[in-house]
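> Quick one: structure below, then a few questions.
The values are calculated or read from the model by the stated rules, or taken from the named source; none is laboratory data. Source: prediction; values computed, not measured. Virtual Cβ from ideal backbone geometry, glycine too; neighbours counted across all protein chains shown.
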Amino acid sequence: MVFTVSSARQRTVAGITTFLTTVAMAYPFPSLAQLNQNQPSAPVLPVPTAQTPVQPPLDYSLGGGDRIRINVFEVPEYSGDYQVPPGGALYLPLIGGVTILGLTQEQAAEAIAARYSRYLRRPLVTVSLISPRPINVVVAGEVNRPGSYTVGLQGGAGDNPGIQYPTIVGALTLAEGVTLAADIRQVQLRRRQGLGPQVVTNLNLTELVQTGTLPQDITLRDGDSIFVPVTSNVNLAEIRQFSTASFAGAINRPRTVTVVGEVNRPGSYTVIGGSSTGIATEQGGGGAGGGLPTVSRAIQLAGGINSLADVRGIQLRRPTKSGTEQTINLNFWQLLTGDSYQDTLIQDGDTIVVPTVAEQNPAESTVVATANFSPATIQVSVIGEVKRATGGAGGTTLQLPANTPLNQAILAAGGFNDSRARRTTVDLIRLNPNGSVTKRQVRINLAQGISEEGNPILRNNDIVVINRSFLGRVGDTIGAVGNPVLNVFSLFRLFGI
């Protein structure tokens, strides 16, 4: 059966449709957005998106650990995100393995496109870095802790999706700073550019300290190595100037040094600086000092210099990371005249040598005695026939200023006992640093100036013996109480009979 529609009915439907269209155009119904205009706004939820690629430098070389996005234009089944394996070989749909190790993003895209061109007509490929691998660098040479370090990356700020790379200064800080033997004018940055040869860039970090900028790019890349050489020209002023730089070793880092020569307590000491109340300790006990860890603080800890010290010829012997030794000559007489750089900083492993003076200058000895690297006082015992006698054996122990001469010690003990003391000679007994004891007779003259023969400068723990005169011995013998026969024998001994 076939149904047909009359022409009259068709004309009726067409008329209704035309009417409804005319009404809709004249009186449009509000849209959903228009209906919600006057309604309270609901919170807009974020639309999940894929991880945004970062913007590394154009010379960034891809390597194991990088996460990348490969996009083959209009072929989504061949596109995707990948993590580069350690060997740098990716396995992609249809084409299999492609090695991108050491290539930039642009070079990697060209390599992948060349492989897909066998199957696709004019493939368009882009490679984007999603997440860069951590940076591994080697820091060697004159740093406190040489070795290999892994440095994390930081994301960009605001609308900049780029990444922040660590700098050479940051790597040196991880290695606990450069040593005092470092040549910071010739720091080497060694970098391999992709698959090409290694490029060495010399950096002068003094410019960073003095001007705040460097002409070269000092941001690091994975695989970089930093080498800090030994300086061949020690500049005492620069050592003090750069000691507070961010790439220098920490001031409060403990430093164990050895002090030998003409000091009162040779030995090994640990010095810690960093404040006006810093700590310096002797291994095994004892300690004093404060401020910067300098040569003078180490000498203070060793009991200060003695009277035979040559303050013009102090040596600082410093081992380097390369196995050699630096020798720094210091003149502490210049320190006393205002050259503070002579009191240079010390570091772990240093040896301070205080030599023996060839000839003493009495005027200089008085000045040196008041310096902070001299002991504040020395202990001297004056025994025998002195006026300020203590104890049954006669004598006294004195705390005297450093570099006190023999005459002053006798006067500090009250001077000679007028009726009993021998005024021509005294005995000087000295305990030497090597443990031996020496005794010598000194011809004394209380009006004499300082001299090694007649009025030597005393050292800590010296003993001065004032002997009895001939008349004093006679009086003691005659006045002895006891057997007369024994007194006769005593007189025989007295006169040498």
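> Being of a type in the set (Gly, Ala, Ser), under 21 Å from residue 325 (Cα atoms) and either in a loop (DSSP other than H, G, I, E, B) or not assigned by TED's automatic domain parsing to the domain that holds residue 180 (or both) is the filter here, so list the residues in the stretch 216-242 that pass it. Reasoning before the result, please.
Filtering the stretch 216-242 for residues of a type in the set (Gly, Ala, Ser) gives 223, 225, 232, 237.
With under 21 Å from residue 325 (Cα atoms) added as a condition, the list becomes 232, 237.
Residue satisfying the conditions is 232 alone.
> Also: If you take the residues in the stretch 229-267 that are under 20 Å from the mean Cα position of the chain (by Cα) and of a type in the set (Lys, Arg), which one is surrounded by the most Cβ atoms within 10 Å (Cβ to Cβ)?
So in the stretch 229-267, the residues under 20 Å from the mean Cα position of the chain (by Cα) come out as 229-258.
This time we only want the ones that are of a type in the set (Lys, Arg), so: 240, 253, 255.
Numbers: 240: 16, 253: 16, 255: 23.
So, considering only residues that are under 20 Å from the mean Cα position of the chain (by Cα) and of a type in the set (Lys, Arg), the one surrounded by the most Cβ atoms within 10 Å (Cβ to Cβ) is 255.
> Can you find, within the stretch 416-461, the residue that is surrounded by the most Cβ atoms within 10 Å (Cβ to Cβ) among those that are assigned to a loop (DSSP other than H, G, I, E, B) and touching a Ser or Thr at 6+ places or on another chain (Cβ under 7 Å)?
The initial filter retains those residues of the stretch 416-461 that are assigned to a loop (DSSP other than H, G, I, E, B), namely 417-420, 422-424, 432-436, 444-450, 452-454, 456, 458-461.
Remaining after also requiring touching a Ser or Thr at 6+ places or on another chain (Cβ under 7 Å): 420, 422, 432, 444, 450, 458-459.
Numbers: 420: 19, 422: 21, 432: 9, 444: 20, 450: 21, 458: 26, 459: 23.
Filtering the stretch 416-461 for residues that are assigned to a loop (DSSP other than H, G, I, E, B) and touching a Ser or Thr at 6+ places or on another chain (Cβ under 7 Å), the one surrounded by the most Cβ atoms within 10 Å (Cβ to Cβ) comes out as 458.
> May I ask you to verify whether residue 143 is outside the structural domain of residue 322 (by TED's automatic domain parsing) and under 25 Å from residue 232 (Cα atoms)?
On the way: outside the structural domain of residue 322 (by TED's automatic domain parsing): yes; under 25 Å from residue 232 (Cα atoms): yes.
Yes.
> To continue, here is another question. Residues in the stretch 109-120: is at least one touching a residue at least 60 places away in the same chain (Cβ under 8 Å) and buried (at least 18 other Cβ atoms within 10 Å of the Cβ)? Steps first, answer last, please.
First, pick out the residues of the stretch 109-120 that are touching a residue at least 60 places away in the same chain (Cβ under 8 Å): none.
There is no residue in the stretch 109-120 that is touching a residue at least 60 places away in the same chain (Cβ under 8 Å) and buried (at least 18 other Cβ atoms within 10 Å of the Cβ).
> In the stretch 299-340, what residues are crowded, with 16+ Cβ neighbours inside 10 Å and hydroxyl-bearing (Ser, Thr, Tyr)?
Within the stretch 299-340, 307, 320 meet the criteria.
> Would you mention how many residues in the stretch 347-371 are small (Gly, Ala, Ser) and under 30 Å from residue 272 (Cβ atoms)?
Narrowing the stretch 347-371 to residues small (Gly, Ala, Ser): 349, 358, 363, 365, 369, 371.
With under 30 Å from residue 272 (Cβ atoms) added as a condition, the list becomes 349, 369, 371.
Qualifying residue count, the stretch 347-371: 3.
This table checks each residue for (1) in a loop (DSSP other than H, G, I, E, B); (2) modelled with pLDDT under 90; (3) of a type in the set (Asp, Glu).
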{"residue": "63", "(1), (2), (3)": "yes, yes, no"}
{"residue": "69", "(1), (2), (3)": "no, no, no"}
{"residue": "85", "(1), (2), (3)": "yes, no, no"}
{"residue": "107", "(1), (2), (3)": "no, no, no"}
